[in-house]
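Report on one structure; see the data block that follows.
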Amino acid sequence: MPTGGKADWLARRLRQAMADGRLAVGSRLPPTRVLAAELRVSRGVVTEAYRRLTEDGHVEGRRRGGTVVVAVPPAPPRPPSGRGPSRGIVPVGRHGADRTVPRALFTGEPGSDVFDELRAARARIDLTPGQPDLSAFPRAAWLRAERAVLAELSTETLGYGDPRGAPRLRSAVAGWLARSRGIRIEPDEVLIVAGTAQALTLLHPVLRADGITSVAVEDPGSLGTRQHLQNGALATPPVPVDADGLRVDALRATGAPAVLITPAHQFPTGAVTSGERRRELLHWAADGGLILEDDYDAEHRYDRPPVPALRSQLADRLCYMGSVSKLLAPALRTGWMVPPPRYREALINAKRFTDLGNAVLPQLVLARLMESGQLERHLRLLRGRHTRRRDAMINAITEHLPGAVVHGAAAGLHLIVTYAPEVPDTELAAAALARGVKCQPLSWHRQLPGRPGLVLGYAATSPGVITEGVAALGQALRELA
């Protein structure tokens with residue numbers, strides 16, 4: 001037993017036991033008094049370790065049922081097999097950093113597989129953006145809902161369904177959007193898709209058939225979204241973003257007939273499109289422009305109430321897209337579109353000939369969670385947890401990256417940090433990865449020149465680990481500056 005940091009040590013050992021299967025979901029932890037006696041530590045040490053695991057969402061106190069494992073953390077990355085470095089990676093050995101990084105990950109323009117490479121890169125701390133807390137997935141609620149759905153499921157429901165999506169889910173989504181995003185629509189206006197990625201893929205031929213070959217994008221803006229548009233042979237002229245959101249004057253200057261925006265929580269800056277900019281966007285659309293609204297994480301707001309979706313003010317010239325990827329899990333591959341009327345039939349046909357519609361069972365389970373209020377309860381739990389983790393990251397940045405500026409902290413699952421030293425953010429991201437910390441350079445998400453920075457996700461990482469990761473970033477920046 002280590003003499004210092006006993007609660008930290010115990011929490012780490014318990015997480016490790018959960019990750020490797022020794023403590024499976026449903027397992028009961030020993031009573032604090034019993035474990036303290038076995039380890040010969042004070043009961044307060046065990047209580048503090050259990051508290052940290054509870055805050056991380058890994059265990060849950062159930063009164064007479066004791067403390068039970070409800071979610072397991074991901075297993076630590078396995079070391080590569082063989083004696084030498086893995087194929088495609090090179091060692092980085094500066095100031096004791098002995099990790100390995102993919103050969104071309106942070107050099108040159110990021111390729112179409114750059115996110116796959118970054119996910120595959122070994123690291124002890126993952127601060128990449130866009131990741132929800134997968135350990136918080138409501139397994140018990142999902143299982144209860146799935147059992148209830150199966151119990152009442154008719155035989156006919158297991159056949160080929162409506163390519164637009166299960167009617168029950170479309171109705172539930174319409175209700176969810178009315179409650180959470182201020183969008184008043186009928187269920188028949190909703191098209192269920194396999195996430196925003198598929199929504200964009202379905203849009204490619206529909207837009208080209210309408211004579212649209214260029215979709216303007218925010219700058220900085222999501223590299224992944226830009227890649228999806230470019231994969232559909234659509235040009236992506238950049239439009240600068242400031243504190244009020246996308247600059248509509250610059251949008252007009254591009255001459256693009258369509259624009260993709262994230263008005264509720266701009267990615268990655270976190271800017272919220274102001275009322276004046278919204279009015280300017282509506283005027284631009286009234287002149288014939290088409291708006292693609294990506295409402296990717298608008299539910300996650302902490303310091304102020306959410307702003308309504310732009311779709312609540314505009315219907316005929318706007319295509320709305322959302323999903324549960326940031327609310328539940330990306331692996332569910334479930335999202336929705338609310339297209340403008342003129343594109344609706346073409347998009348339904350595109351969905352029909354792509355896959356005949358999403359799998360019906362997950363749709364019905366999700367519908368039940370929405371109808372029962374379970375999804376709202378889950379969101380309330382996440383907001384509290386995310387607030388604590390965001391605050392931990394901001395405090396760590398203040399301590400370990402003095403002079404750095406934090407942007408976009410009021411909402412979402414990430415923030416960006418810009419810093420004064422003239423160090424390319426790709427070099428800093430590479431140096432961080434060499435120290436076992438994954439993050440994304442801000443320049444990946446730019447087409448125009450701009451200040452270097454890092455995009456840091458906090459939702460999937462516990463406060464203590466966040467602090468450790470930011471400390472490593474600070475060390476890397478000091479050595480490079």
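Couple of notes before you dig in:
- Wholly enclosed helices (runs of 4 or more DSSP H) of region 1-57 bearing at least 1 residues more than 19 Å from residue 392 (Cβ to Cβ) and hydroxyl-bearing (Ser, Thr, Tyr): 32-39, 43-55
- Matching residues in region 49-59 - criterion: being surrounded by fewer than 17 Cβ atoms within 10 Å (Cβ to Cβ) and in contact with an Asp or Glu (Cβ under 8 Å, 6 or more places away or on another chain): 54
- Among residues of region 157-174 that are open to solvent by less than 50 Å² (accessible area, probe 1.4 Å) and part of a helix (DSSP H, G or I), those with a Cβ under 6 angstrom from a residue that is of a type in the set (Gly, Ala, Ser) and modelled with pLDDT of 95 or more, sequence gap 6+ or separate chain, pair up as 169/367; 172/367.
- If the condition is being closer than 17 Å to residue 138 by Cα and either polar (S, T, N, Q) or open to solvent by less than 10 Å² (accessible area, probe 1.4 Å) (or both), then region 316-327 contributes 323, 324, 325, 327.
- Selected residue (criterion: surrounded by the fewest Cβ atoms within 10 Å (Cβ to Cβ)) from residues of region 368-381 that are of a type outside the set (D, E, K, R) and over 17 Å from residue 463 (Cα atoms): 373
- Tallying residues that are surrounded by 20 or more Cβ atoms within 10 Å (Cβ to Cβ) and either free of Cβ contacts under 8 Å to residues at least 60 places away in the same chain or over 25 Å from residue 274 (Cβ atoms) (or both) within region 328-352 yields 11.
- Test: residue in region 409-417 that is at pLDDT below 95, surrounded by 17 or more Cβ atoms within 10 Å (Cβ to Cβ) and within 30 Å of residue 166 (Cα to Cα): yes
- When the residues of region 60-69 are filtered to those that are in contact with a helix residue (DSSP H, G or I) (Cβ under 7 Å, 6 or more places away or on another chain) and surrounded by 13 or more Cβ atoms within 10 Å (Cβ to Cβ), the one that is modelled with the highest pLDDT is 67.
- Selection of region 353-367 for residues being outside any helix (DSSP H, G or I) and surrounded by 15 or more Cβ atoms within 10 Å (Cβ to Cβ) yields 357, 358.
- Checking each residue in region 127-145 for being surrounded by fewer than 16 Cβ atoms within 10 Å (Cβ to Cβ) and either within 24 Å of residue 268 (Cα to Cα) or not hydrophobic (A, V, I, L, M, F, W, C) (or both) picks out only 139.
- Region 11-35 residues that are open to solvent by 70 Å² or more (accessible area, probe 1.4 Å), paired with ones that are at pLDDT below 85 and not β-branched (Val, Ile, Thr) (beta carbon under 7 Å, 6 or more apart): 20/75; 25/71
- If you go through region 111-126 and keep only what is open to solvent by 50 Å² or more (accessible area, probe 1.4 Å) and more than 15 Å from residue 435 (Cβ to Cβ), you end up with 112, 113, 116, 117, 119, 120.
- Of the residues making up region 283-314, those that are touching a residue at least 60 places away in the same chain (Cβ under 8 Å), touching a helix residue (DSSP H, G or I) at 6+ places or on another chain (Cβ under 9 Å), open to solvent by less than 50 Å² (accessible area, probe 1.4 Å) and part of a loop (DSSP other than H, G, I, E, B) are 295, 296, 298, 299, 300, 302, 309.
Each row is one residue, and each column tells you yes or no for (1) among the polar types (S, T, N, Q); (2) at pLDDT 95 or above; (3) surrounded by fewer than 20 Cβ atoms within 10 Å (Cβ to Cβ); (4) over 30 Å from residue 150 (Cα atoms).
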| position | (1), (2), (3), (4) |
| --- | --- |
| 383 | no, no, yes, yes |
| 388 | no, no, yes, yes |
| 398 | yes, yes, yes, yes |
| 437 | no, yes, no, yes |
| 442 | no, yes, no, yes |
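- Hits in region 137-156 - residues which are among the small types (Gly, Ala, Ser) and in a helix (DSSP H, G or I): 140, 141, 145, 148, 151
- Residue within region 87-108 that is open to solvent by 90 Å² or more (accessible area, probe 1.4 Å) and at pLDDT 50 or above present: no
The values are calculated or read from the model by the stated rules, or taken from the named source; none is laboratory data. If you're wondering where the values come from, they're calculated on a predicted model, not measured in any experiment. Please note: Cβ atoms are built from the backbone with ideal geometry, for glycine as well, and neighbour counts cover all protein chains shown. Note: accessible area is taken over every heavy atom of the protein model, side chains too, but ligands, DNA and RNA are not part of it. Shrake-Rupley method; radii C 1.70, N 1.55, O 1.52, S 1.80 Å.
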